[in-house]
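A.B. asks: One structure, as structure tokens, below. Some questions next.
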Amino acid sequence: MPMTPWLRRAAIPLAGPLLLAGCDFAGLQSTLDPAGPIAQAQLDLFMWSYWLSWIVIVAVFGVLAYVLLRFRRRASDPDRIPSQFHGSTKLEIGLTIIPVVIVILVAVPTVRTIWETEVRVVPEEGDVIVNVTGYQWWWRFEYPEHGVVTANEMHIPVDRRVIVNLESADVLHAFWVPRLAGKRDLIPNQNNQLWFSADETGEYYGQCAELCLGAHAYMKFRVHVVEDERFDAWVDAFEAPSALPASDDPRVQRGRDLFATKGCSTCHTIQDYRGEVPVGSSDFPNLTNFGLRTSLAAGVVDNTQENLETWLRDPQIFKPGNYMPKVWREDDPDADEEIAAVAAYLLSLGSDAEELAFASGGTDDVQAFRAAATGGDDGDR
Ligand code: CUA
């Protein structure tokens, strides 16, 4: 059935709200679903401006509708011209004061929120500091107080202030975890700072919000907000990776050897159960305790054996444009077996660490953790 002309005309303004209705306000990256005080303050400011805009819209269109109806041309008196009020002093003053009041109503809360949330802060006792470096197209997270270096997944304790120092190793990036805080740029040679806290535990999705070429859209990351004890357990797992039990799976042992001989360790650093720090470079993702990560390729896919094998076979499949080379030739007869072994080794790294440390009381006491992790046997592995 063809649309009647009025229906077609009405469909255009209706389409906008209907399309908006398709948005998920409680999505994983929704600023409308804040989980921390900074994001909440930013949302409150947004909603204040939003409802203020509605008052303006209703007033303007209300007056317009009234004028159009009240002074419309009437068949009974087609030549009538409504009385003119050009030069009315009262109206001129009114139309000057009202916008000034509106600007003040927007500006005062905006400036106040900026001062409350955006100023540079000095770290205090109890704050968690994370040095974040952006690379094309992944994230380096360093915890200077704990000596932890990891990539693409940040762990932070709930209800604690987190101060992130932002730097870039190459081009501009922007750090953005929509449910926790507004975005901030990472600029080479400029230390930017952002601080926030989370008031609910959970997994939060982050995204680079500054076009950084190539795989920009795939430059994601995750923030795991956990209870204090779990955070301590996570840190412990990094402080003593050599305390973690080695898997007895021969495939894992083979994967470890391949990691060195296939050239993986030229770029990637791993501290594992043997405690060695293979050469690696800090300019590539540090894979220590890789098995603790829930995602792969900077938040692009879940960290599973199958996905990891696909990633190792051809890193361009999940993340076109990234700089990870293809290590195995397609006609390499050993490729399947070797890739499976390296994936198994990587997934074994730290896989039970958090639970082990948590079960041991989750303290900073590395010795206690080591004893728990090795079942009291601290001998050579
Ligand atoms: Cu980094 Cu976009």
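A.B. asks: Grab the chain and count how many Lys pairs have their alpha-carbon atoms under 26 Å apart, sequence gap of 8 or more, or different chains. The partial results should precede the final answer.
C.D. replies: Working: Lys183/Lys220; Lys183/Lys319; Lys220/Lys319; Lys220/Lys326; Lys262/Lys319; Lys262/Lys326.
Final tally of qualifying lysine pairs is 6.
A.B. asks: Next question. Within the set of other residues whose C-beta is less than 15 Å from the C-beta of Gln305, count the net charge using Lys and Arg as +1 and Asp and Glu as -1.
C.D. replies: Every neighbour counted, the sum reads -3.
A.B. asks: Full-extension gain between Phe25 and Arg70, please, as 0.36 nm times their residue separation minus the C-alpha to C-alpha distance.
C.D. replies: Result for the pair: 12.2 nm of gain on full extension.
A.B. asks: So what is the relative contact order of the chain, in percent, for Cα pairs below 8 Å that sit 6 or more residues apart? Please list the in-between numbers first.
C.D. replies: Details: 640 pairs, mean separation 55.9, N = 381.
Computed value for the chain: 15 percent relative contact order.
A.B. asks: Where in the chain lies the longest segment free of GluC sites (Glu not before Pro) that are both loop residues by DSSP (not H, G, I, E, B) and have at most 10 other Cβ atoms within 10 Å?
C.D. replies: My reading of the result: 126-329 is the longest stretch.
A.B. asks: Okay, next question. Multiply the residue separation of Ile55 and Asp248 by 0.36 nm, subtract the distance between their alpha-carbon atoms, and state the gained length in nm to one decimal.
C.D. replies: Extra length from Ile55 to Asp248 when fully extended: 62.7 nm.
A.B. asks: Follow-up. Determine the percent antiparallel among the DSSP beta bridges restricted to the chain, to the nearest 5. Each step should come with its number before you reach the end.
C.D. replies: Working: 27 of 39 bridges.
Among the beta bridges of the chain, antiparallel pairing accounts for roughly 70 percent.
A.B. asks: Given a 10 angstrom Cα cut-off, can you work out which residue in Val103, Val63, Val162 is the most mobile in a GNM of the chain?
C.D. replies: Val63
A.B. asks: Which of the trypsin sites (Lys or Arg not before Pro) found in the stretch 311-341 are in a DSSP loop and have at most 12 neighbouring Cβ atoms, other than their own, within 10 Å?
C.D. replies: Lys326, Arg329
A.B. asks: Order of His155, His86 from fewest to most other C-beta atoms within 10 Å?
C.D. replies: Least crowded to most crowded, the residues run His86, His155.
A.B. asks: Could you work out the relative contact order of the stretch 217-329, using alpha carbon pairs under 8 angstrom and six or more residues apart, expressed as a whole percent? The partial results should precede the final answer.
C.D. replies: On the way: 115 pairs, mean separation 24.5, N = 113.
Computed over the stretch 217-329, the figure is 22 percent.
A.B. asks: Tell me, Kirkwood radius of the chain from alpha-carbon pair distances, in Å?
C.D. replies: Radius from the Kirkwood sum: 24.8 Å.
A.B. asks: Provide the percentage of antiparallel DSSP beta bridges, counting only those with both residues in the stretch 128-226; round to the nearest 5.
C.D. replies: Approximately 70 percent, going by the DSSP bridge assignments.
A.B. asks: Then there is this: For the pair Leu95 and Asp331, how long in nm is the line joining their label points, each one 7 Å along Cα→Cβ?
C.D. replies: Rounded to a tenth, the inter-label distance reads 8.0 nm.
A.B. asks: Compare Leu95, Leu211, Leu347 in a GNM of the chain, Cα atoms joined below 10 Å, and give the one with the largest fluctuation.
C.D. replies: Leu95
A.B. asks: Efficiency by 1/(1 + (r/R0)^6): what FRET value for Asp159 and Leu32, r their Cβ-Cβ distance, R0 = 30 Å, to the nearest 0.05?
C.D. replies: 0.85
A.B. asks: Please report, ordered by residue number, every helix of the chain (full DSSP H runs) that is 20 Å or longer along its axis going by C-alpha atoms and whose mean Kyte-Doolittle hydropathy reaches 0.0.
C.D. replies: 5-21, 37-70, 89-117
Read-outs throughout are calculated quantities, based only on the coordinates presented, and are distinct from any laboratory measurement. Values in this document were obtained by computation on a predicted structure and should not be read as measured data. Here the Cβ is made from the backbone with ideal geometry for all residues, glycine too, and neighbour counts use every protein chain on show.
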